[in-house]
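Encoded as structure tokens, the structure appears first; notes follow it.
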Amino acid sequence: MSTRSYRSPLREEQVRATRRAIVAAAHDLFVEQGYARTTIDAVAERAGVSRKTVFTAVGGKAILLKLALDWALVGDDEPVPMADRPETREQMAQTDPARLVHLWALRMSEIEARVARLALVMGAAADADPEVATVHESSERGRRGGARAFVSRLREIGGLRPDVDPDRATAIAVVLSEPLLYERLVVEAGWSVAEYAAWMEQAAVAALLPS
């Protein structure tokens with residue numbers, strides 16, 4: 001006799017909801033008190049689950065940190081890569097350099113609003129924890145890749161100024177999307193996210209677009 005696997009949508013959604021609660025609890029605790037001081041027991045208590053459930057549903061602290069960052073980057077827990085998101089597709093379809101820079105700055109500011117604090121926590125913890133260092137390097141690699149894709153599109157549509165080569169332009173885009181800038185200008189100086197996005201756009205226009 002053949003057997004069929006049985007899938008319960010309700011059960012799957014319950015498992016997913018548990019993962020969301022655990023990762024959300026870890027995210028908040030990492031931001032509130034740092035990586036080293038956040039314990040699995042504290043995550044379990046905040047999420048309303050057992051310590052065992054944290055490990056079985058998600059994993060250890062480094063995995064919690066990675067998922068918290070990954071989900072904050074895209075804004076949800078859907079298994080859709082950043083490159084396939086509608087906002088990214090819209091940005092990469094632009095043929096007007098000024099419009100491309102505007103959308104890039106707007107998108108980066110929205111992402112930084114979700115990830116900047118957590119990214120800084122991760123950067124601080126990376127020096128002391130090899131697992132976190134691996135997650136941090138992967139995150140930075142992704143950020144550099146995103147900057148390079150933006151610059152490549154800008155160059156494709158003839159929007160990159162001739163005296164700035166792609167590597168230099170990528171380095172500029174990486175710096176402009178640095179989480180520490182968001183921390184200094186929005187969190188500490190009190191700028192709105194809209195003001196931060198406008199500043200980022202002005203800086204990118206001045207540095208990357210032809211006069």
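Some points to look at:
- Lys, Arg +1 and Asp, Glu -1 on Cβ, resulting dipole of the chain about Cα centre, debye, nearest 20: 700
- Translational D in µm²/s for the chain (Stokes-Einstein at 37 °C, 0.692 mPa s, Kirkwood Rh from C-alpha pairs): 174
- Computed from point charges on the beta carbon alone (+1 for Lys and Arg, -1 for Asp and Glu), the dipole magnitude for the stretch 1-92 about its Cα centre is near 500 Debye.
- The residues of the stretch 23-170 present an accessible area of 51 Å² per residue when probed at 1.4 Å with all protein chains retained.
- Using equal-weight Cα scatterers in the Debye expression, the normalised intensity of the stretch 34-127 in log10 at q = 0.11, 0.16, 0.17 Å⁻¹ is -0.44, -0.78, -0.84.
- Evaluating 6.51 cos²θ - 1.76 cosθ + 1.60 at θ = phi - 60° for every residue in the stretch 154-166, the Karplus couplings come out as 4, 5, 4, 8, x, x, 8, 4, x, 8, 10, 7, x Hz, glycine and proline recorded as x.
- Euclidean distance of C-alpha centroids, the stretch 39-90 and the stretch 103-125, integer Å: 16
- Taking each DSSP H run with n ≥ 4 as -39500 (n - 2.57) and averaging over every residue of the chain yields -23000 deg cm²/dmol at 222 nm.
- In terms of packing, defined here as the mean over residues of other Cβ atoms within 10 angstrom, the peptides 157-169, 104-116 line up highest first as 104-116, 157-169.
- From phi via Karplus (6.51, -1.76, 1.60), per-residue ³J(HN,Hα) for the stretch 28-39 in Hz, x at Gly/Pro: 5, 5, 4, 5, 6, 10, x, 6, 5, 7, 7, 10
- Only alpha carbons enter this Debye calculation for the stretch 137-211, each as an equal point scatterer, and the log10 of I(q)/I(0) it gives at q = 0.20 Å⁻¹ is -0.88.
The values are calculated or read from the model by the stated rules, or taken from the named source; none is laboratory data. Everything numeric here is computed off the predicted structure, so don't read it as measured data. Quick reminder, even Gly has a Cβ in these numbers, built from the backbone with ideal geometry, and neighbours come from all protein chains shown. Side chains are part of the model used for accessible areas, which takes the heavy atoms of the whole protein and leaves out ligands, DNA and RNA. Shrake-Rupley method; radii C 1.70, N 1.55, O 1.52, S 1.80 Å.
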